[in-house]
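The values are calculated or read from the model by the stated rules, or taken from the named source; none is laboratory data. Just so you know, these numbers come straight off a predicted model, no measurement behind them. Here Cβ is always computed from backbone atoms with ideal geometry, including for glycine, and neighbour counts include all displayed protein chains. To get the accessible areas, we keep the full protein, side chains included, count just its heavy atoms, and leave off ligands, DNA and RNA. Shrake-Rupley method; radii C 1.70, N 1.55, O 1.52, S 1.80 Å.
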Amino acid sequence: MKLRYLVAGVVLVPLLAGVVGNGGTVTYTGTPGSAGVPGRARAATTCVRAQDAQQLGLTASQIDVARRGIAAADRAGVGRAGAEIIVSAGLVESGLANLSYGDRDSLGWLQQRPSQGWHNATDVDRAADDFLAYMVEHIPDWRSIDPGVVAQRVQRSAFPARYGQRMAEARNIVATITGAECPTLTQPYAGRAGVVLAWAQARVGDAYIMGANGPDAWDCSSFTRAALAQIGLSLPRTAQGQRDWCASGNCERVPEGAEQPGDLIFWDSYLGPATVGHVVIVKDPQIRQTIDARGPSQGVSNGNYPTAASKAIFEIWRPKGLNS
């Protein structure tokens, strides 16, 4: 259930210079990944830009809705960061579809409730204007807050974590539609697996710290979790949890020799042969190459994966939706 509020007569107010239209760069300070890992502002340009939004798995109608949300952000003067927030909300609420139904009286691509003051819910453009007007008026410090939290403060969802989980995907959509600066998805990277790989490759050189969750330091499972979040998949935090998530029906088991770029490989821990201890992303199966956070000396780097014969545990899984 969502409780939403809209103050009549909200007027869009100009924002501080530095974020204008599609080309602005916004930073916010996130929560440090672990004790001892300093928090550092990361630019909103941590994204992947595809040659066409269809490479991100979007239909023509979804692209149209996203484009109109981005245009509303431009009208509101909230630039790229505001566009990412509203697109993430649209992904969560409707999958970027202008729905004529919803929970209770929720309608439209943002699932706004007319009974709570959202009177333009089924008008894609005006619904977007209303969302951003509320954000500007009622969350004046929105630039310095985690964008998923900002979306929740506007939407007031019963499931507050969902917006942050789709923010990476929204960032890629906005970058692709606007042509914003970020790593470009080109061959041999293609499709949704290419989005994962391009993002992961752009992180090569980041540090490895056990327990870190980014944005500049990772361990093996936080890295794969962030990489798959680029296409809207929400994985558990640990390598063992991710393997169990795959085995519970979220992935397809792949035999050795049939792996493809973007697949996940799990193998046993140095703590014992019965425990999953590491997870990597397959980059090039022809040379058994990976992108992963391997350890303190390597950081995030391109490595290689072993054979099943050399490991007590060696499983390859392909997340569902990776190649859709």
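Just to verify a result, which residue in region 211-226, among those that are in contact (Cβ under 8 Å) with a residue 60 or more places away in the chain and out of contact with any strand residue (DSSP E or B) (no Cβ under 6 Å at 6 or more places or on another chain), is farthest from A168 (Cα to Cα)?
G211
How many residues are free of Cβ contacts under 8 Å to residues at least 12 places away in the same chain and either in a loop (DSSP other than H, G, I, E, B) or open to solvent by 20 Å² or more (accessible area, probe 1.4 Å) (or both) when one looks only at region 269-296?
Of the residues in region 269-296, 3 are free of Cβ contacts under 8 Å to residues at least 12 places away in the same chain and either in a loop (DSSP other than H, G, I, E, B) or open to solvent by 20 Å² or more (accessible area, probe 1.4 Å) (or both).
Tally up the residues in region 231-245 that are open to solvent by less than 50 Å² (accessible area, probe 1.4 Å) and either under 21 Å from G57 (Cα atoms) or at pLDDT below 95 (or both), please.
Residues meeting the conditions: 4.
Report yes if some residue within region 78-89 is acidic (D, E), closer than 22 Å to E181 by Cα and open to solvent by less than 40 Å² (accessible area, probe 1.4 Å); otherwise report no.
Yes.
Looking at the structure I just gave you, is D206 more than 24 Å from N323 (Cβ to Cβ), surrounded by fewer than 21 Cβ atoms within 10 Å (Cβ to Cβ) and among the charged types (D, E, K, R)?
Numbers: more than 24 Å from N323 (Cβ to Cβ): yes; surrounded by fewer than 21 Cβ atoms within 10 Å (Cβ to Cβ): yes; among the charged types (D, E, K, R): yes.
The answer is yes for D206.
Of the residues that sit in region 238-266 and are touching a residue at least 24 places away in the same chain (Cβ under 8 Å) and touching a Ser or Thr at 6+ places or on another chain (Cβ under 9 Å), which one is farthest from K311 (Cα to Cα)?
Restricting to residues being touching a residue at least 24 places away in the same chain (Cβ under 8 Å) and touching a Ser or Thr at 6+ places or on another chain (Cβ under 9 Å), the top hit is Q242.
If you take the residues in region 95-106 that are touching a residue at least 24 places away in the same chain (Cβ under 8 Å) and open to solvent by 10 Å² or more (accessible area, probe 1.4 Å), which one is farthest from T178 (Cα to Cα)? Don't jump to the end; show me each part of the working.
Just the residues of region 95-106 that are touching a residue at least 24 places away in the same chain (Cβ under 8 Å), to begin with: 95-98, 103-104, 106.
So of that shortlist, the ones also open to solvent by 10 Å² or more (accessible area, probe 1.4 Å) come out as 95, 97-98, 103-104.
Numbers: G95: 19, A97: 20, N98: 21, D103: 32, R104: 34 Å.
So, considering only residues that are touching a residue at least 24 places away in the same chain (Cβ under 8 Å) and open to solvent by 10 Å² or more (accessible area, probe 1.4 Å), the one farthest from T178 (Cα to Cα) is R104.
Just to check your reading of the model, which residue among A128, A73, A175 is touching a strand residue (DSSP E or B) at 6+ places or on another chain (Cβ under 6 Å), part of a helix (DSSP H, G or I), open to solvent by less than 40 Å² (accessible area, probe 1.4 Å) and small (G, A, S)?
Exactly one residue qualifies, and that residue is A175.
Does G117 satisfy the criteria of being over 21 Å from G164 (Cβ atoms) and surrounded by fewer than 24 Cβ atoms within 10 Å (Cβ to Cβ)? Reasoning before the result, please.
Values: over 21 Å from G164 (Cβ atoms): yes; surrounded by fewer than 24 Cβ atoms within 10 Å (Cβ to Cβ): yes.
Yes, satisfied.
Anything in region 163-172 that is over 22 Å from G117 (Cβ atoms) and either modelled with pLDDT of 95 or more or in a helix (DSSP H, G or I) (or both)? List them, or say none.
Scanning region 163-172 gives G164, Q165, M167, A168, E169, A170, R171, N172.
Identify, please: which residue in region 46-63 is under 12 Å from V174 (Cα atoms) and either under 14 Å from the mean Cα position of the chain (by Cα) or of a type in the set (D, E, K, R) (or both) and is, among those, most open to solvent (accessible area, probe 1.4 Å)?
Only one residue fits best here, namely D52.
Can you name every residue in region 106-149 that is acidic (D, E) and out of contact with any Ser or Thr (no Cβ under 8 Å at 6 or more places or on another chain)?
Answer for region 106-149, where residues must be acidic (D, E) and out of contact with any Ser or Thr (no Cβ under 8 Å at 6 or more places or on another chain): D123, D125, D129, D130, E137, D141.
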